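Asker: One structure, pasted below without further comment.
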């Protein structure tokens, strides 16, 4: 049985991962969550007999009480559970040496758990793209072998699968697909008065609010471009983003001879999650496949980078310095929070990102450490908040 530590268990990735785990073959050694949904966390502990839990905020007694209440409702005695609380609790749990650590935390707070899992020798099923974007050089240095990180994002899972068709030297470019989000086809002038509710109405995927807004601005695709560059060691100029509204072709790899290998499947995150947990072995019958005996059509469109500038800004960040991606992500997190709170307009998100990137001094990859990355993040957050307040 494969032992598993699941970070971000009450989020979208975490709940779907536990659906996969329920099929069998895994022992859940630990769960980590923010602490905002103790009822769901307690249900997960009871359902999967989890002995260890970490929450970044809250009280250990409240966690145990929630577990006892759920167990009593189900006519069971409360399982003994070790509870860790605090800013370092999630990273501590990630570094305990499970066979697999699935990092489904949202945001750059996932960096330290990512590093802890890699240093402990666990295979890292990575859904927290921000940790790689923010600490790319640190994450690559902590990786003990090339296959230690297995991507969970559907796009990077697709690339990892397609890359098995050839050697690294045979790769011409990566083709990263995007659904286009809820505002596909609109021009910049048509997005002036976009509301948070409209931005959260994604046409294909059911995700958390931050990722969903990032998909509306296409900043998420910019983060994914940086992630693909770092995961697969392909220059950003050799990564193309195309809009594919059906979200069935999850990404492609074009090879030097002109062949293109695409991975296609219905838009269901349980498939890349299950593959990341069992990599490199394919699990059996995770979802129903595409129906090839029914009429269907797929379309591909160029990305409108004048309206959706997130990808262009991400390229600039990746080229500028080792800490520009950290500043890009941190400023974006602040802007998205302000937008969701009604304090910032939709178009102003990328306007502020552009200004923060232009003002950031940057640091080289040589000699980069965690403190330098964290300082870049802290500066970018402060500057983004100043610019939000000024508006």
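Asker: Extension gain residue 119-residue 268, at 0.36 nm per residue separation less the Cα-Cα distance, in nm?
Answerer: 50.6 nm
Asker: Subtracting the Cα-Cα distance from 0.36 nm times the residue separation, let me have the gained length for residue 292 to residue 257 in nm, one decimal.
Answerer: Values: separation 35, 0.36 × 35 = 12.60 nm, distance 2.71 nm.
Here the answer is 9.9 nm.
Asker: How far apart, in nanometres, would the label points at residue 23 and residue 197 be if each is projected 7 angstrom from Cα along the Cα-to-Cβ direction?
Answerer: About 3.8 nm separates the two model spin labels.
Asker: Order these by the 10 Å Cβ neighbour count, fewest first: 282, 186.
Answerer: Fewest to most other Cβ atoms nearby, the residues stand as 282, 186.
Asker: Also, quick follow-up: Under 18 Å from a point placed 7 Å out from the Cα of residue 186 along the Cα-to-Cβ direction: which residues of region 349-391 have their backbone N that close?
Answerer: Only 349-352 fall inside the zone, counting backbone N under 18 Å.
Asker: Where does each of 207, 1, 159, 269 land when they are ranked from fewest to most other beta-carbon atoms within 10 angstrom?
Answerer: Numbers: 207 19, 1 8, 159 28, 269 22.
The fewest-first ordering by Cβ neighbours comes to 1, 207, 269, 159.
Asker: Which FRET efficiency value, to the nearest 0.05, is calculated for residue 284 and residue 371 with the Förster distance at 51 angstrom and r the Cβ-Cβ distance?
Answerer: Values: r = 46 Å, r/R0 = 0.89.
Computed FRET efficiency for residue 284 and residue 371: 0.65.
Asker: May I ask you to derive the FRET efficiency for residue 59 and residue 96 from their Cβ-Cβ distance with R0 = 30 Å, giving the value to the nearest 0.05?
Answerer: It comes out at approximately 0.85.
Asker: I've got another one for you. Could you work out how much longer the chain between residue 378 and residue 361 gets when fully extended? Use 0.36 nm per residue separation minus the Cα distance between them, nm to one decimal.
Answerer: Result: 4.8 nm gained on full extension.
Asker: While we're looking at this one, here's another question. Given R₀ = 51 Å, FRET efficiency for residue 301-residue 49 by Cβ-Cβ distance, to 0.05?
Answerer: Here the calculated transfer efficiency is 0.60.
Asker: Now for a separate question. Is it possible to state the helix-based mean residue ellipticity at 222 nm for the chain, with each DSSP H run of 4+ residues giving -39500 (n - 2.57), the sum divided by total residues, to the nearest 500 deg cm²/dmol? What is it?
Answerer: After summing the helix terms and dividing by the residues of the chain, the value is -13000 deg cm²/dmol.
Asker: Considering only C-alpha atoms, what is the centroid distance from region 229-250 to region 118-164, in Å?
Answerer: 16 Å
Asker: For the chain, give the share of DSSP beta bridges that are antiparallel, in percent and rounded to the nearest 5; count only bridges with both residues there. It would help to have the intermediate numbers written out before the result.
Answerer: Details: 12 of 42 bridges.
Here the antiparallel bridges make up roughly 30 percent for the chain.
None of the figures in this text is laboratory data; all of them are computed from the coordinates on show. Keep in mind that this is a model prediction, so the values were computed, not measured. Note that each Cβ is placed from the backbone with ideal geometry, even for glycine, and that neighbours are counted across all protein chains shown.
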